[in-house]
Amino acid sequence: MLVQVNDIRKKYPGIWALNGVSFGVEKGKVLGVLGENGAGKSTLFRILASITRPTNGTATVMGKPVGYETRKVTAFLPEVNPFYGWMRVMEQLEFLAEFYPGWDMDKSRELMSFLSIEDNVKIGTLSKGQQAKLKIVFAFSWPAELVLMDEPLGGIDPPARNRIINTLFGEFRFGEQTIIMSTHMVSEVEELLEDVIYMKKGKIVLSGSADKLREEKGTSLVGIFEEIAG
Amino acid sequence: MKVKLDPTRPIYIQIMEEIKKRAVRGQYKSGEKLPSVRELARETEVNPNTIARVYMELERDGFIFTRRGQGSFVTEDTTRVAEERIRLADDAAERFLREIGGLNLNADVRKKIIDRIGIELSDNAENENI
Amino acid sequence: MKKLYKFFLVLLAIQAGYIIYLIDTQFFHIIFTESTIYGRNSLVFGITRLIRYTSLFIFPFLFLYSWFSEETARTNYQLYSLPRRNSVHVKSKMAAVLTLGVIWLIGWMIFASFEGVIRSTYFPYRYSSGPIPLMQHLYNIYNRYFQNVGNLFVLMGIASIVTGCVQALKRYRLVAGTVVFIALNAVYIFVITPFLIRTYEAVIIYAIRDFAQSHFLLSIYLISAMHDAVLLLSGIACIYLGFYLFERFSEV
C-alpha cells in the first residue's frame, strides 16, 4: 500500500471532523474521495499532506508516517489558492522548483502553454480556472509519488475543466503515480475514478472499485452518492 | 473516439464493447493498431488505468494482441472477429426479442416486422462480408 | 514592503534633520539631561532615545504582520506542504527582520555619533578627576552603539514566542497574538526591567562594596553592560523558544 490510513480522528472546537477513517491506497491507483461539503474530505487531505496534525490515528505514505519526510514525495493541491498573489507565475514556479528534486522547468513551460497560462502576470490577477490550471502545472512539473487533489474541478468552466482533465491524463504516470482526488460534484469525475470511498460526517460509509460498485448497485457513482446522502 | 458512456454500468465493459463493435464494423481493420492507452484515455476522458484494464481483458479474450514497445493491435484472426460479430448480433437479437415479447402483437404485425427485418438485413449483407 | 522601506528612510531623514537642528541651535545641553540608570527606562528623558526605542516596535510588527498575512492569504498551505520543517519558514522571516533591525541600528549608530560628539562638547562632566571623564565618554559611545540591540532582541523574542504559542489556537489567532504581545511587553517594561535593575544594583552594591562606593559611575557602566548582555541573551533564548513552540504546534 502506498498510502495507509489507520483510524484517523481530528477534532476541532465543538466537532469531530474525522471520526475514525481507515483505508489503504495501492500504488498507481486513482482514488476518489466523495462526499458532501463538511464530510471531512479536506481535513483528510490536509492530514495526508501533513499540514494538519491528526488528533488520533496514524497515516503513512510509502511506509513512513506523514510529516516532513513524506512531503518530498507528495504534491498537494488544496481547494484554496495556496499561491502568493504578489508573485508572478514564473517566480512562484521558480520558488517551488527549489524545493522539489527533479523539477522540470521545461515541462512547466510546456504545460503552461498547453493550458494557456501567461507566465509573466501576477498570480493575484488569475481567474479561478487559471489558478486551478496552475495547480496542475505544479503537480506534474516534478515526479511526485502521490498527488493529492482537493476539489480540482470545483467551480471551473467546462472548457478549462476539459483541458485540466486532458492534461491530467496526458501527464499522469499511471502505474507509477498515485492520485487521490476529492469532490462533491461526483458527476464531473464519474469516468475518472478507479476506486472510491464515500465519506459522511467524518466516516467512510462505502468504498470499493467504481466499476464493481456500478455492477453491484446497478447505478452510477452519482446515483450511489444520492442514495448515501439520503 | 467519442463514446457516450452510461455511468450506471461498469465503464470498462462499455469501452470493451465499443472497441469490439468497431472491429466488427470494420472501423478497426484486422491487425490495425489501436490508440495507445494514454491516447484513448484522453479521447474518452476515462482513467488510463481503466483503459489499461480494457486492453488487458481484450487481450485475454484473444481479441487484441500487444507487441512490447509498439502498442496494441486488433487480432489478425478474422474468425475471432467473426465470432464476436455473431455474439453481438445474438445479444442484439436477445434484447430485441425481450422488448418485443411483452407487447402482445397479433400475427399481422408480426409478419410485417419479420418482413422488414428480412429486407433490412439482406440490404446490409450486400455492404459487408459476413 | 516598499512602503516600509520608504518609511524607514523618512524616519532616518527626520532624525538626521533633528540632530542638525540641535547642533545649530545649541539647545542640545538643555534637552539632554544626564541619564541615570533609571533614566534609561524612563521615557521622559531623551527624545532621541524615545524615538530610538519606539522605532524598534516596527520590527516585531513586521514579523508578526508578515506571518499573519501568510495565514490569511492561505499561503501557509504552500509553505507547510514544502519538504522542510515548519519552523524553517518562521526562522527565515526572523532572520530577515533581525537583519533589517540590525541595519536600522547601524544607521542609527552613524547619525547618533554626531549626537555623541555634540554631547561631549556641550555637556559638563561632573567629575574632573582622572579616569572618570574617560569612562563617561566611553559610556556615551557604548550607550549609543549598543543600547538598543538588547531591546531589539527582546522584542523579537517576544514576537517569536507569540507566534509559537498562537499556533496552538484554532481560532482568533490574530487577536490573541496581539493581546499576548502587548501583555508580554507590559510585563517586560514594568515588571521585569525594574526587577533586573534592582538585582544588578544589589549584586554590585553587596558584592563589590568598595568598588561601588568609590567608583559610583563605574557601577552604572557595569549595570548597563550587564543589562544589555542579559537582554541580548534572553532575547535570543526567547527567539529559539518561539521556534520550538512553532515547530511543536504549527498546523493549518
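The values are calculated or read from the model by the stated rules, or taken from the named source; none is laboratory data. Since we're looking at a predicted model, the values are computed, not measured. A quick note on method: Cβ atoms are made from the backbone with ideal geometry, for glycine too, and the neighbour counts reach across all protein chains shown. Note: areas computed on protein heavy atoms with side chains; ligands, DNA, RNA excluded. Shrake-Rupley method; radii C 1.70, N 1.55, O 1.52, S 1.80 Å.
Name the GluC sites (Glu not before Pro) in segment A:148-230 that are in a loop by DSSP and that have at most 10 other C-beta atoms within 10 Å, would you?
Answer by residue number: A:176.
Based on the Cα atoms of chain B, what semi-axes does the equivalent ellipsoid have, where each is the square root of 5 times one gyration tensor eigenvalue, given in whole Å with the largest first?
33, 18, 11
Treat every Asp and Glu Cβ in segment A:81-129 as -1 and every Lys and Arg Cβ as +1, leave all other atoms uncharged, and give the resulting dipole magnitude about the Cα centre to the nearest 20 debye.
240 debye
Based only on the alpha carbon positions, what is the Kirkwood hydrodynamic radius of chain A, in angstrom?
About 18.1 Å, per the Kirkwood formula over Cα pairs.
Would you calculate, for chain B, the mean residue ellipticity at 222 nm contributed by helices, counting each DSSP H stretch of 4 or more residues as -39,500 (n - 2.57) and dividing by all residues, to the nearest 500?
The helix contribution divided over chain B gives -21000 deg cm²/dmol.
State the dimensionless ratio Rg/Rh of segment B:61-130 (Rg: radius of gyration of Cα atoms; Rh: Kirkwood radius).
1.18
Using the heavy atoms of the protein chains and a 1.4 angstrom probe, tell me the accessible area per residue for segment A:71-230 in square angstrom.
Value for segment A:71-230: 40 Å² per residue.
So what are the radius of gyration and Dmax for the Cα set of segment A:20-108, in Å?
Just the Cα atoms of segment A:20-108 yield Rg and Dmax of 15.1, 43 Å.
Could you pull out the pairs from A:107/A:135; A:29/A:203; B:20/B:112 whose alpha carbons sit more than 23 Å apart here?
In this structure, B:20/B:112 exceed 23 Å between Cα atoms.
Under 16 Å between alpha carbons, and skipping anything fewer than 8 positions from residue A:41 in its own chain: which aspartates and glutamates qualify?
Filter leaves A:7, A:79, A:150, A:151, A:195.
Mind putting a number on the dipole of chain A about its Cα centre? Charges go on the C-beta only, +1 for Lys and Arg and -1 for Asp and Glu, and I need it in Debye to the nearest 20.
800 debye
Under a Cβ-only charge scheme (Lys and Arg +1, Asp and Glu -1), can you give me the dipole magnitude of chain B about the Cα centre, in debye to the nearest 20?
340 debye
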